[in-house]
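Only one structure is covered here, and it is reproduced in the block below.
Nothing in this text is a laboratory measurement; each read-out follows from the coordinates by a stated rule. The structure displayed is predicted, hence computed values, not measured ones. Glycine also receives a Cβ, built like all others from the backbone with ideal geometry; neighbour counts cover every protein chain displayed.
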2 protein chains.
Amino acid sequence: MTDRFSCDDLASEKPFLSGAEAHHAIHVLRLKPGHSIELFDGAGTVAEAVIEDVQRDRVIAKTTATSFVKKRTHDALTIAAVPPKGDRLKWMVEKFTELGVDTYVPLQTERSVVDPRKSKLDKLAATVTAAMKQCGRRWRMEIAEPQSLKSLLQQCRESDDAVLLAHPGDTVEATEATDGCRTLLIGPEGGFTASEVQLAADYNARQIAWPDSILRIETAAIAFAARLRP
Amino acid sequence: MTDRFSCDDLASEKPFLSGAEAHHAIHVLRLKPGHSIELFDGAGTVAEAVIEDVQRDRVIAKTTATSFVKKRTHDALTIAAVPPKGDRLKWMVEKFTELGVDTYVPLQTERSVVDPRKSKLDKLAATVTAAMKQCGRRWRMEIAEPQSLKSLLQQCRESDDAVLLAHPGDTVEATEATDGCRTLLIGPEGGFTASEVQLAADYNARQIAWPDSILRIETAAIAFAARLRP
C-alpha cells in the first residue's frame, strides 16, 4: 500500500509535509526523492504525489493527480459515548475512524467518571490522523466538544436525527442500517440512570440492546457502529 | 452488578474459589462472608451463591440457586484471524468474548508475521475469563490451536460450515446474520495472497469487504463479528 500522509494544502501543486508528518516520512519510513506517496486533507481531497525533496524537517512533494469525493450527509453516523478509561478511549476513537463513523461526541451523563481534559481530547486528533493514514479514509472524523445528554437530545430533535439508546433490557432489536442520520448514545459503566432513560424516551430515542451480554463502553460503541454503518 | 467468578466445581453445594479467582475476591474486591456472588463454570451453568468463609487463599461459598443454558450449536460463529501484534491480540480476544464469538482460531497464512508462542496463547485464557466475569457470558469462548488456511478450509468443508473471507475488493456484500454455522477468515496485514484467495474460492468461501476502508486485523474481526452475530 502506498504510504499516506495528512497534508492541509492540497491546492498547491507542490504541497509539503511538516511537523509530525515530515518526521514520519523522513525518520521513520526514511523515504527518498522519487518515492510515490498519497496525501489527504481530511476534507474529501486525496492527491497522488511524488517526493521531490527531503529537507531537514520538511518534505516537498509534487502532485500528479487529485480526486475529490463529497461528504456523506444523508446517512451520517454520530456516536455519543461516555469516554472509557485509559487506553480504551484512544482505541475506540481509532476504531471509529476505521469504520467510518462521522462524528464522536464525548457524552456527559450522571454516572460518568472520566471527564477527559482538553489536552487528552486534543491528543485524540493525532489518533484520528494515524488511523486515517492506515485505513484510507478521506473525510476526517470530527471529535465534537463534550456534551450533556439533554443538550444532545435537543440538538438531535432540531436536526431530526434518529436517536438510538444502547441500554440492556428486553428491547433486543435488530440494529440494521437504515436511511437518514443517526446518533447512537452509549452510557457509562453502570449504565444510564432511570431518569436518563426516561428523558431519552421523551425525545423519542429508540432503545437497542446486545443479546446476552453486558458490553464495555468501547465494545458496545464499536459493535453498534459496525451494525449501523451503511 | 453482582461480582462474578469463574469456578469449575459447581456440582458441589459448597463450591470454593482458589488461585487467581480467590485472590481477586479476597485482595482486590475485599469481599466478606455474607456477600452475594455469582459463579460460572463456562460450560453453561451459573450459580447464585453467598460467601460463607474467607480463608488465606480460598473462598468458600454456598450455592443458593443454579441455572443451566445449553450451548448454541446451530448458528455457531468461529473467527479465524491472523493474530495481530502486541496488545491488539489480547484486545481482540476480549472483544470476541464480549460479543459472543464461539471459537477463535489463530490463523496461519503466507504473510503472517506473528506466530504466537504457546505461552502467549495460554495467557489469552485469562483474558477470556476476565471478559466473561465482566460481560455475563455463560459458555466459554474456545481458543483453538493455530491452524493453516488449508487445513481450516478442509475442516469447514467436512463440517459444512459456511466460510466467509474478508478481503478488500469489489465484492462489497451485506454481511447480515444468517442461519447455520459460519467461519470468518481474517488475513494478515498485507492481506491474503492471490493464491490464498483462489484456494478459499475453491472451497466455496464467500468474499466480504468493508466499504471504503482498509481495516486492521482486529477491527475487521470485531466489526464483522458484530455484523454476523445473530
For this session: Please give the helix A:217-228 orientation as an angle from the longest Cα principal axis of chain A, in degrees from 0 to 90, rounded to the nearest 10.
Result: 80
Problem set entry | chain A: angle of helix A:87-99 to the longest principal axis, Cα-based, in degrees nearest 10 | 70
For this session: Return the Cα extents of the protein assembly as shown along principal axes one, two and three, sorted largest first, each rounded to a whole Å.
Result: 77, 54, 42
Problem set entry | Within region A:1-117: Cβ-based charge dipole about Cα centre, in debye rounded to nearest 20 (Lys, Arg +1; Asp, Glu -1) | 280
For this session: Place +1 on the Cβ of every Lys and Arg and -1 on the Cβ of every Asp and Glu in the protein assembly as shown, take the dipole about the Cα centre, and give the residue among B:221, A:197, A:25 whose Cα lies farthest towards its positive end.
Result: A:25
Seminar exercise, completed: Nearest-0.05 FRET efficiency for residue A:125 and residue A:60 at R0 = 22 Å, using Cβ-Cβ distance, is 0.35
Exercise. Can you sort A:98, A:158, A:21 by how many other beta carbons sit within 10 Å, fewest first?
Worked result: A:158, A:21, A:98
Seminar exercise, completed: Quick calc, residue B:206 & residue A:48: beta-carbon distance into FRET formula, R0 41 Å, rounding 0.05, result 0.80
Exercise. So for chain B, Kirkwood radius off the Cα pairs, Stokes-Einstein at 37 °C and 0.692 mPa s: how many µm² s⁻¹?
Worked result: 173
For this session: Under a 10 Å cutoff between Cα atoms, tell me which one of A:47, A:194, A:81 has the largest fluctuation in the Gaussian network model of chain A.
Result: A:194
Problem set entry | Total charge dipole magnitude, chain B, about the Cα centre, Cβ charges on Lys, Arg, Asp, Glu only, Debye to nearest 20 | 620
Exercise. Ranked by Cβ crowding within 10 angstrom, fewest neighbours first, how are A:203, B:104 ordered?
Worked result: A:203, B:104
Problem set entry | Residues listed by number, region B:55-77, amide nitrogen under 20 Å from residue B:28 label point at 7 Å toward C-beta | B:55-61
Exercise. How far apart, in nm, are the 7 Å Cα→Cβ label points at residue A:110 and residue B:160?
Worked result: 5.2
Exercise. Where both partners of a DSSP beta bridge lie in region B:50-169, what percent of those bridges are antiparallel, to the nearest 5?
Worked result: 35
Seminar exercise, completed: Most fluctuating of A:165, A:121, A:29 in the GNM of chain A (C-alpha, under 10 Å) is A:29
Exercise. Since chains B and A are linked by a rotation, which residue in B has the beta carbon closest to its axis, and how far is it in Å?
Worked result: B:226, 2
Exercise. In terms of modelled amide H atoms, which long-range or inter-chain residues lie less than 5 Å from the amide H of residue A:35?
Worked result: A:51
For this session: Express the Stokes-Einstein translational diffusion coefficient of region A:4-68 in µm² s⁻¹, to the nearest whole number, given a Kirkwood radius over alpha-carbon pairs, 4 °C and a viscosity of 1.567 mPa s.
Result: 115
Problem set entry | Interchain or long-range residues, amide H under 5 Å from residue A:206's placed H | A:163, A:164, A:165
Seminar exercise, completed: Of the residues B:125, B:169, B:151, the Cα lying farthest along the dipole of chain B towards its positive end, which is defined by charges on the beta carbon of Lys, Arg, Asp and Glu, belongs to B:125
Exercise. How much of the DSSP beta bridge set in the protein assembly as shown is antiparallel, as a percent to the nearest 5?
Worked result: 40
For this session: Rounding to the nearest 20 debye, state how big the charge dipole of region B:4-68 is about its Cα centre with +1 on each Lys and Arg Cβ and -1 on each Asp and Glu Cβ.
Result: 280
Seminar exercise, completed: Between residue A:1 and residue A:68, the two model label points (7 Å from Cα along the beta-carbon direction) sit apart by a distance in nm of 2.6
Exercise. On average, how much area does the Cα convex hull of region A:1-111 cover when viewed from any direction, in nm²?
Worked result: 9.0
For this session: Quick one: which residues, 5+ away or cross-chain, put their amide H under 5 Å from the amide H of residue A:108? H built at 1.01 Å from N.
Result: A:147, A:148, A:149
Exercise. In a GNM of chain B with a 10 Å cut-off on Cα contacts, which of B:122, B:212, B:53 has the highest mean-square fluctuation?
Worked result: B:212
Exercise. Whole-Hz Karplus ³J(HN,Hα) for region B:152-163, in order, using 6.51 cos²θ - 1.76 cosθ + 1.60 and θ = phi - 60°, x for Gly and Pro?
Worked result: 5, 4, 4, 4, 5, 4, 5, 8, 6, 6, 6, 10
